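Student: Take a look at this one; I'll ask things after.
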Ligand SMILES: C[S@@+](CC[C@H](N)C(=O)[O-])C[C@H]1O[C@@H](n2cnc3c(N)ncnc32)[C@H](O)[C@@H]1O
């Protein structure tokens, strides 16, 4: 477990979860939400682009973008437990030279990652209490696009999150899950100069894709 990952992160986002994520990706490809996030960027052109995947896990989204012509990706993760499975996947696809994998918290240390043309945060803001700081740090790193997914703000989803948090409390993990208000997430990015370009809602997940005017 890294110095700064709250207790519970490395268990929840541990080696078993990493191996499961790789297996699922190899068998079924991206989940629908991740696929739409990648499609948003592909529709705008990723040839030669740089990508920053914050909380990218095993790195499936960045792999798809690299295969679509992106030049380089950086994966910044709080949990160190994904590294082995992610490196296996990168080697299998022959793109390990085009990916930097770094560990740390983007909010605590934004300089861990250089600015990139496209910043992704797939299912990440729901793991972090201070959404304004996280979205703000990610937006500050986005030269052209910030594409993020997060849980929809629906009663049933908020109730599910509350139940999960009771369970984490019983386990004495510091980790909590959050349903942040979608409008506030978008506003946090807009305050840093980005403009909402596309919003998509599924049953559980919502996507906000933002772009930088003139970027
Ligand atoms: C639910 S997982 C999602 C992994 C991957 N994006 C996916 O959708 O399969 C959320 C990840 O975000 C990471 N994370 C949360 N806050 C972070 C932060 N401030 N900086 C870097 N990583 C963070 C966690 O370590 C965790 O691995």
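The values are calculated or read from the model by the stated rules, or taken from the named source; none is laboratory data. Note that the structure is predicted; figures quoted are calculated from it, not measured. No Cβ is skipped: glycine too gets one built from the backbone with ideal geometry, and neighbour counts run over all protein chains shown.
Student: Could you check how many residues of the stretch 95-118 are within 14 Å of the chain's Cα centre (by Cα), farther than 18 Å from residue 149 by Cβ and not in a loop (DSSP other than H, G, I, E, B)?
Tutor: Total satisfying the criteria: 3.
Student: Shifting gears a bit: Name the residue that is nearest to the ligand (Cβ to nearest atom), counting only residues in the stretch 136-146 that are in a helix (DSSP H, G or I) and within 16 Å of residue 196 (Cα to Cα).
Tutor: Among residues in the stretch 136-146 that are in a helix (DSSP H, G or I) and within 16 Å of residue 196 (Cα to Cα), the one nearest to the ligand (Cβ to nearest atom) is 138.
Student: Go through the stretch 22-38 and count every residue that is surrounded by 16 or more Cβ atoms within 10 Å (Cβ to Cβ) and without any contact (Cβ under 8 Å) to a residue 12 or more places away in the chain.
Tutor: Residues that pass the stated criteria total 1.
Student: Give me the pairs: first residue in the stretch 56-73 and free of Cβ contacts under 8 Å to residues at least 40 places away in the same chain, second residue within 13 Å of the ligand (Cβ to nearest atom) and part of a loop (DSSP other than H, G, I, E, B), beta-carbon distance under 7 Å, and six or more apart or on different chains, which are they?
Tutor: Listed by first residue and then by second, the contacts come to 60/30; 64/30.
Student: Quick check: is even one residue across the stretch 108-115 in contact with a helix residue (DSSP H, G or I) (Cβ under 6 Å, 6 or more places away or on another chain) and surrounded by fewer than 20 Cβ atoms within 10 Å (Cβ to Cβ)? Break it down stepwise before answering.
Tutor: Initial filter on the stretch 108-115 (in contact with a helix residue (DSSP H, G or I) (Cβ under 6 Å, 6 or more places away or on another chain)): 110.
Pick out the ones that are also surrounded by fewer than 20 Cβ atoms within 10 Å (Cβ to Cβ) and you get 110.
Yes, the conditions are met somewhere in the stretch 108-115.
Student: Is at least one residue of the stretch 126-135 free of Cβ contacts under 8 Å to residues at least 40 places away in the same chain and away from the ligand (no atom under 11 Å from the Cβ)?
Tutor: No, there is no match, as no residue in the stretch 126-135 is free of Cβ contacts under 8 Å to residues at least 40 places away in the same chain and away from the ligand (no atom under 11 Å from the Cβ).
Student: Then there is this: Given the residues 22, 95, 58, 46, which is the only one that is under 20 Å from residue 141 (Cβ atoms) and either near the ligand (Cβ under 10 Å from one of its atoms) or in contact with a helix residue (DSSP H, G or I) (Cβ under 9 Å, 6 or more places away or on another chain) (or both)?
Tutor: From the options 22, 95, 58, 46, the qualifying one is 46.
Student: Determine whether the stretch 96-105 contains at least one residue that is free of Cβ contacts under 8 Å to residues at least 12 places away in the same chain and over 12 Å from residue 185 (Cα atoms).
Tutor: From the stretch 96-105, those free of Cβ contacts under 8 Å to residues at least 12 places away in the same chain are 96-97; that's our starting set.
The next check asks that each one be over 12 Å from residue 185 (Cα atoms); those that pass are 96-97.
Yes - at least one qualifying residue is present in the stretch 96-105.
Student: In addition: Can residue 153 be described as away from the ligand (no atom under 15 Å from the Cβ) and assigned to a loop (DSSP other than H, G, I, E, B)?
Tutor: So residue 153 fits the description; yes.
The rows are residues; the columns are (1) in contact with a helix residue (DSSP H, G or I) (Cβ under 8 Å, 6 or more places away or on another chain); (2) on the phi < 0 side of the Ramachandran plot; (3) free of Cβ contacts under 8 Å to residues at least 24 places away in the same chain; (4) part of a helix (DSSP H, G or I).
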| site | (1), (2), (3), (4) |
| --- | --- |
| 40 | no, yes, no, yes |
| 51 | yes, yes, no, no |
| 81 | yes, yes, no, yes |
| 85 | yes, yes, no, yes |
| 91 | no, yes, yes, yes |
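Student: I would also like to ask the following. Name every residue in the stretch 119-135 that is at pLDDT 95 or above and assigned to a helix (DSSP H, G or I), in order of residue number.
Tutor: Listed by number, the residues that qualify are 125, 126, 131, 132, 133, 134, 135.
Student: With the condition kept exactly as written, say whether any residue in the stretch 191-211 is out of contact with any strand residue (DSSP E or B) (no Cβ under 7 Å at 6 or more places or on another chain) and surrounded by 15 or more Cβ atoms within 10 Å (Cβ to Cβ). Show your work before the answer.
Tutor: Of the residues in the stretch 191-211, the ones out of contact with any strand residue (DSSP E or B) (no Cβ under 7 Å at 6 or more places or on another chain) are 191-193, 201-203.
In the following step, the residues that additionally are surrounded by 15 or more Cβ atoms within 10 Å (Cβ to Cβ) were identified as 192.
The answer is yes, given that some residue of the stretch 191-211 is out of contact with any strand residue (DSSP E or B) (no Cβ under 7 Å at 6 or more places or on another chain) and surrounded by 15 or more Cβ atoms within 10 Å (Cβ to Cβ).
Student: While we're looking at this one, here's another question. Name every residue in the stretch 61-75 that is surrounded by fewer than 24 Cβ atoms within 10 Å (Cβ to Cβ) and within 12 Å of the ligand (Cβ to nearest atom), in order of residue number.
Tutor: Selection gives 74 alone.
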